[in-house]
Every structure is written in C-alpha cells, then in structure tokens.
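Student: Here it is, the structure, as structure tokens.
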Amino acid sequence: MQNSEITARLKEASVGIAGAGGLGSNVAMTLARAGVGRLVIVDMDLVEKGNLDRQCFFLDQVGMPKVEALKENIERAVEGVVVDAREVMLDEGSMDEPFRDVDIIVEALDLAETKVRLIEEVLIKLPKTPIVAASGVGGIGGSERVSLRVSGTLYLIEDPHGIPCEEGILTGPKVGLMAHWQANTVMEILLGGSCE
Amino acid sequence: MITVNGNGRDHVPDETVSGLLKRLNYIFPLVIVKINGTVVPRDSFPSVNVPDGATVEVIHLTSGG
C-alpha cells in the first residue's frame, strides 16, 4: 500500500474511544498523530494530579474534564483531526450509543465489570463493529506475556498475569505499551492488514 | 466433551453457563462467554445450557485502564 493511500484511508476513518484515562488518552493521541480523521472520546472524569504519571495530560489541566483536556492536547499536536469529546457516563443498556457511527471502538475503561458490560453490549448490538479491548494493564515489566487474542470482532490485548489495578500499580510504561498495542491493532484493522 | 479456550473438558448434562464457570473457577461477572462463536448475555448465564460438543470461549477481563 502506498503512503498516500494509507493517509487517505486513515483520514476517512472514525474511531470511538470509551474512556480517556491511561489507555484512552494515549490511544487517542497516537491515533490522532497517525492521521485518523475523527475520534469520538467518551469519559466523565476530571484530570487529577495522580493521573499525570501515565495519562496524556498536563499540570495546568488538573481539574478539567478529561475529554476537554484531551481534545485541547490533540488540537495542539496535530491539524485536521475532528475530536468529538463527550463528557457523559456510559450507562448500562445504552453503552453502544455514542459509537453507533464509528468504524472501530476502543475499550479503554478502568473497572473489569464495566469493560465486560461494554464489550458484551457492543458484540451483541453492533456485531459488525470491531472492538479493541485491553486486560492486565497493571504491573511492571512482563512485556513478553502480552499478546493479541482475536475472537470474531473482539480484539483483546491481554497480559494474563497482569495485576488488577485494585491490587497493584499502574505505570506509564506498561499502560502505554497496552495502549499503543491497542492503537496498532486499530491501524491494522483500518488498513485491512499489517504493512511491512 | 466440550472445548473451553482450546482445552478439552467433560460435558456435564444440563450444565448451565453459570455451572460451567463455577466448575472452572471463573469469577462472574468479569467474563465474556461465547458458545460456538455467539455471545451469551450475562443475564442468561443461569439459564443457558452448554451443549455437548460446544466450543466455549471464556474471556476474562481484569481491571486497569
């Protein structure tokens, strides 16, 4: 595939991102830099100082809604990306609603139960829309354990021995590894295969 | 026999998805379950039986994001 064709395909693409924390903020920024044309980002949290070790925000954004801060950062980094920032809660029963018109959904939520709810709703209600999820984000090291598991339209980046965040720590390098693996998978799906 | 995540397991007549998860020590509700490629909604875990010969996928999620 020629570079010009890759650029054109990415520009036409839209990606929904559920969550703008450690996974979501990094996925959004790297996909924006890669040239994805439209991002729908959903989160209702505010930026906290404790987020800054791993999330794509700055000190002067503490207290801002994450989606608003992320939109600001993306628009400072690159031109021409449409960021649809939605400061809303994903409610059970309508979690797919913000993502009905995107090409791919990225699950970038925190709690396992919420992750499962979103994935299940998307698989049932939007059976043609790929969803790229992550599990086992916590801990340090263990890069060799991370792999991509594909089940129909579900693409799961998983570290089966990753420590749940309730029991361990979340660090920028590990969270970033998982986020960029998600983003790389999104690119592969959008472009119809890997480019070597 | 059934297959769970690629591994052969005994088929238990009339066993529900909930029963299978309990037998295999999975923690409900932190899993997605597919039987022969179709998602089983969580609400149906106690009522859907796992048929003999089924290919079952149990996808476990842990917190962090």
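The values are calculated or read from the model by the stated rules, or taken from the named source; none is laboratory data. Being a predicted model, the structure only gives us computed values, none of them experimental. Note that each Cβ is placed from the backbone with ideal geometry, even for glycine, and that neighbours are counted across all protein chains shown.
Conditions tested, residue by residue: (1) in contact with a strand residue (DSSP E or B) (Cβ under 9 Å, 6 or more places away or on another chain); (2) part of a loop (DSSP other than H, G, I, E, B); (3) surrounded by 14 or more Cβ atoms within 10 Å (Cβ to Cβ); (4) at pLDDT 95 or above.
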{"residue": "A:ILE41", "(1), (2), (3), (4)": "yes, no, yes, yes"}
{"residue": "A:PHE57", "(1), (2), (3), (4)": "no, yes, yes, yes"}
{"residue": "A:GLY63", "(1), (2), (3), (4)": "yes, yes, no, yes"}
{"residue": "A:GLU68", "(1), (2), (3), (4)": "yes, no, yes, yes"}
{"residue": "A:ILE74", "(1), (2), (3), (4)": "yes, no, yes, yes"}
{"residue": "A:ASP84", "(1), (2), (3), (4)": "yes, no, yes, yes"}
{"residue": "A:GLY93", "(1), (2), (3), (4)": "no, yes, no, no"}
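Student: Taking into account only those residues within the range A:165-185 that are out of contact with any strand residue (DSSP E or B) (no Cβ under 6 Å at 6 or more places or on another chain) and without any contact (Cβ under 8 Å) to a residue 60 or more places away in the chain, which is farthest from the other protein chains (Cβ to nearest Cβ)?
Tutor: Across the range A:165-185, the extreme among qualifying residues is A:ASN184.
Student: Let me spell it out: the conditions are (1) crowded, with 19+ Cβ neighbours inside 10 Å; (2) more than 12 Å from A:TRP181 (Cα to Cα), and A:ARG100 meets all of them except one. Which number is the exception?
Tutor: (1)
Student: If you don't mind, there's one more thing I want to ask. Restricting attention to strands (runs of 3 or more DSSP E) lying wholly within the range A:129-196, give those where 2 or more residues are under 13 Å from A:GLU107 (Cβ atoms).
Tutor: A:131-135, A:154-158
Student: Could you list all residues from the range A:109-127 that are more than 17 Å from A:GLN182 (Cα to Cα) and part of a loop (DSSP other than H, G, I, E, B)?
Tutor: A:LEU111, A:LEU126, A:PRO127, listed by residue number.
Student: Please work out which one of (1) surrounded by 15 or more Cβ atoms within 10 Å (Cβ to Cβ); (2) at the interface with chain B (Cβ under 9 Å from one of its Cβ atoms); (3) at negative phi is the condition A:ILE124 fails and give its number.
Tutor: All conditions are met except number (1).
Student: Quick check: is even one residue across the range A:148-160 surrounded by fewer than 18 Cβ atoms within 10 Å (Cβ to Cβ), touching a residue at least 12 places away in the same chain (Cβ under 8 Å) and in contact with a Phe, Trp or Tyr (Cβ under 7 Å, 6 or more places away or on another chain)?
Tutor: yes
Student: Can you name the condition, by its number, that A:PRO130 falls short on among (1) within 22 Å of B:VAL33 (Cβ to Cβ); (2) of a type outside the set (Ser, Thr, Tyr); (3) touching a residue at least 60 places away in the same chain (Cβ under 8 Å)?
Tutor: Among (1) within 22 Å of B:VAL33 (Cβ to Cβ); (2) of a type outside the set (Ser, Thr, Tyr); (3) touching a residue at least 60 places away in the same chain (Cβ under 8 Å), A:PRO130 violates only (3).
Student: Now for a separate question. Restricted to the range A:128-147, and to residues that are aliphatic (A, V, I, L, M) and either closer than 16 Å to A:ALA183 by Cβ or within 11 Å of chain B (Cβ to nearest Cβ) (or both), which residue is surrounded by the fewest Cβ atoms within 10 Å (Cβ to Cβ)?
Tutor: Checked the range A:128-147; the qualifying residue surrounded by the fewest Cβ atoms within 10 Å (Cβ to Cβ) is A:VAL146.
Student: For A:ASP45, all conditions in the list (1) closer than 22 Å to A:VAL122 by Cβ; (2) crowded, with 22+ Cβ neighbours inside 10 Å hold save one; what is the number of the exception?
Tutor: Unmet for A:ASP45, out of (1) closer than 22 Å to A:VAL122 by Cβ; (2) crowded, with 22+ Cβ neighbours inside 10 Å: (2).
Student: For the range A:186-195, state whether one or more residues are touching a Pro at 6+ places or on another chain (Cβ under 7 Å) and away from chain B (no Cβ under 11 Å).
Tutor: yes
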